[in-house]
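Some notes on the structure that comes next.
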Amino acid sequence: MNDRIPAEAELAWEDFHRLVNMTSDELRTWLLTDASGEEAFPAGPSPGVSELGARVVDVLRKRKVDLTEGDAEVMQEVVDYVEDRLENRPPNAEREEEWRHALMSVGHDPLRPDPSSA
């Protein structure tokens with residue numbers, strides 16, 4: 001049995017927690033509220049809740065020592081997604097609801113003040 005944290009999880013942990021600025025409860029509430037909105041139930045079989053967002057809630061509830069390689073993949077996917085969205089920020093991003101909601105679906109609220117710059 002390996003008691004060590006997978007290296008990928010160790011690397012992703014810092015970036016993930018730097019970018020994900022919503023708590024697991026905030027994200028869960030957001031996903032459930034967002035899923036009950038008008039556009040929540042697309043024609044496909046999806047129940048409307050972001051699968052990645054749901055996995056982020058699970059990772060946020062874990063301690064670092066409990067992470068799996070799958071969790072590391074989720075964290076890295078979220079880091080890549082958020083960084084890409086922030087780098088390709090639309091003009092007037094603060095008023096671009098769809099852009100903000102896409103980021104919030106994985107736990108990053110771009111309108112929340114950055115605690116490190118306070």
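Listed values, structure above:
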item	result
Cβ-Cβ under 6 Å pairs, at least 6 apart or on other chains, the range 1-18 side assigned to a helix (DSSP H, G or I), far side open to solvent by 60 Å² or more (accessible area, probe 1.4 Å) and at pLDDT 75 or above	Ala12/Gln76
Members of the range 62-80 that are loosely packed, with under 13 Cβ neighbours inside 10 Å and closer than 13 Å to His17 by Cβ	Arg63, Lys64
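The values are calculated or read from the model by the stated rules, or taken from the named source; none is laboratory data. From a predicted model like this one, the values you see are computed outputs, not experimental measurements. With ideal geometry, Cβ positions are generated from the backbone for all residues, glycine too; neighbour counts draw on all protein chains shown. Please note that ligands, DNA and RNA were not included when accessible areas were found on the heavy atoms of the full protein model with its side chains. Shrake-Rupley method; radii C 1.70, N 1.55, O 1.52, S 1.80 Å.
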